[in-house]
Amino acid sequence: MTFFLQFCFIMAAQTGNYILKIPNKNFFTFQNIPCRAISMGQGQEVHARRLLNQCMQDGGWLLLQNCHLGLVFLNELMDTITTTESMSEGFRTWITTEAHPEFPINLLQSSIKFTNEPPQGVKASLKRTYSTITQDHLEVSNMPQWKPLLYAVERRKFGPLGWNIPYEFNQADFTASVQFVQNHLDDMDIKHGVNWSCVRYMLGEVQYGGRVTDDLDKALLNTFAREKCISPLYIFFPFSFKVFGLHPNADITYQTNLANETLNTIVSIQPKDSSSGGGETREAVVQRLADEMLEKLPPDYNPHELQKMGAIQPMNIFLRQEIDRMQHVISSVRATLTDLKLAIDGELQYALDSMYDARIPKLWFRISWESTTLGFWFTELLERNQQFSTWLLDGRPNQFWMTGFFNPQGFLTAMRQETTRSNLAKGWALDNIVLHNEVTKMMKEDVAGPPPADIGGVYIYGLILEGAGWDRRNSKLVDPPMSPMPACWSNVYYSCPVYKKPRRTDLTYIFSLYLKTTQNPDHWTLRGVALLCSSK
């Protein structure tokens, strides 16, 4: 008697449907095999136990879906299968799950494992999507618009340059969209033709848009539906990045990120034992790094210097909050490095491994900021500290480095508050103040003083334009690769989103800058253009 446990990491919600269709597609091989499915979750163990007993008796297939939500039952499943003396030879158990660190290792090792991941490339994606379209489906409508609409979309692999969040568009979305198009054509008045506004809205806002949670992604999807997918002028490009309106640099970024991810995985599985050869041991390497970092680490801030500035002005309040956070980071870094020099055990073991692999220790990362390597992170610590120290000791600077703030949104709020207070006599109210910006032709070295008093606001620098370039001569967006931005004048005024780091989420979004362009703004939306405070 034999049995199999087949294990599937799911990338889409339709995996279960594919498994249930296997007996129908292979009728002569799996004739009369009952398939029973259940989605795991709270309170589902009783039903899963009943279906398991049925399948073991009659040789059916049991499909347990979303098992990462019912890990407790999996231990019982393994025990039941391994201890049961008699069961049907046709019995099979299929398990779908997301990767989970607490998944039972004995079940994992006893299973046949495979993955269901989205295909790479436009050609492969279209081949999978349209593999379910039959000849009868193609002939279901006599309207000439039916087939073109049926074939009317893989930005996901490009990361933040594609979508801010990697959405799981699947066959169910496509099927619902096809059904809507079919119904729309059946009900259409031939004299009036296709209602393109309705089609774009249903596909962009409802069928596919229902999965989109990020506002900027929603704007991108609607732009894609308006400009690309549902257009009589749409043509296929020979390169995948051009299909989606992206610059060729997007493919370079994708390949670079893929290589970095592969190398990081290789580094993470390397043995961390001390060197037995003639080179430096791991402990010696970390000891040297700790000495170097402690030597460069800035001293603690003097609380009396903060008190001298006063706590009335909003900008001073903001500075104090930023310095409190920076002091917390400096203290934690100093404590960890000092402890590492004294003892290597317990929680410090992870810090030692992280420093040896040039990664940021979890404690430091949790209270600070993102960065690609430990070296970049420590350099940014010194640069942030330099900005705060200069502001504290020499007074307010003429320009501000946006990347160096823990809370850049708070900086902009403080600037709005100060502007409002200085114009109270004119009847200004904070609720009515909006941000206005201009991109100057000055680089940070050219800024000799703050903006004129009658204009107000602040100069900010350090933003990096991703997905486009900036023409300083004509002050407009152009198509070159990633480039540094000139100093920007920001006051209480396209909408180019500004993020703290390359990972674009609601948590890293700061605000939007309006950038001049001679092209349709939709062009830059499809390009995934954004400003980053840091590219590392």
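Just a few scattered comments:
- Residue count for the range 170-192, restricted to those that are in a loop (DSSP other than H, G, I, E, B) and surrounded by 19 or more Cβ atoms within 10 Å (Cβ to Cβ): 0.
- Every pair of residues 6+ apart whose Cβ atoms lie under 7 Å, when the first sits in the range 217-231 and is within 20 Å of ALA530 (Cα to Cα) while the second is modelled with pLDDT under 65 and crowded, with 19+ Cβ neighbours inside 10 Å: PHE224/VAL153
- The residue list LEU392, LEU374 contains one member that is assigned by TED's automatic domain parsing to the domain that holds VAL286, of a type in the set (A, V, I, L, M) and more than 24 Å from the chain's Cα centre (by Cα), which is LEU392.
- All positions within the range 494-527 that are hydrophobic (A, V, I, L, M, F, W, C) and at pLDDT 80 or above: CYS496, VAL498, LEU507, ILE510, PHE511, LEU513, LEU515
- Exactly one residue out of ILE19, ILE95, ILE10, ILE33 is surrounded by 15 or more Cβ atoms within 10 Å (Cβ to Cβ), within 30 Å of ASP173 (Cβ to Cβ) and either at pLDDT 85 or above or assigned by TED's automatic domain parsing to the domain that holds PHE174 (or both), and it is ILE95.
- Test: residue in the range 268-280 that is modelled with pLDDT under 70, under 30 Å from VAL458 (Cβ atoms) and not assigned by TED's automatic domain parsing to the domain that holds VAL529: no
- Summed over the range 179-215, residues that are within 13 Å of ALA225 (Cβ to Cβ) and either modelled with pLDDT under 75 or charged (D, E, K, R) (or both) total 2.
- Matching entry among THR413, THR373 (being at pLDDT 85 or above, more than 30 Å from SER495 (Cβ to Cβ) and surrounded by 13 or more Cβ atoms within 10 Å (Cβ to Cβ)): THR373
- In the range 442-458, the residues that are surrounded by fewer than 12 Cβ atoms within 10 Å (Cβ to Cβ) and modelled with pLDDT of 80 or more: GLU445, ASP446, ALA448, GLY449, PRO452
- The range 42-88, residues that are surrounded by 13 or more Cβ atoms within 10 Å (Cβ to Cβ) and of a type in the set (Gly, Ala, Ser): ALA48, GLY59, GLY60, GLY70, SER88
- Considering the range 193-220, and only residues there that are of a type in the set (Asp, Glu) and surrounded by 15 or more Cβ atoms within 10 Å (Cβ to Cβ), the residue that is farthest from ASN164 (Cα to Cα) turns out to be GLU205.
The values are calculated or read from the model by the stated rules, or taken from the named source; none is laboratory data. Fair warning: this is a prediction, and the values are worked out from it, not measured in the lab. Cβ: placed from backbone, ideal geometry, glycine included. Neighbour counts: every protein chain shown.
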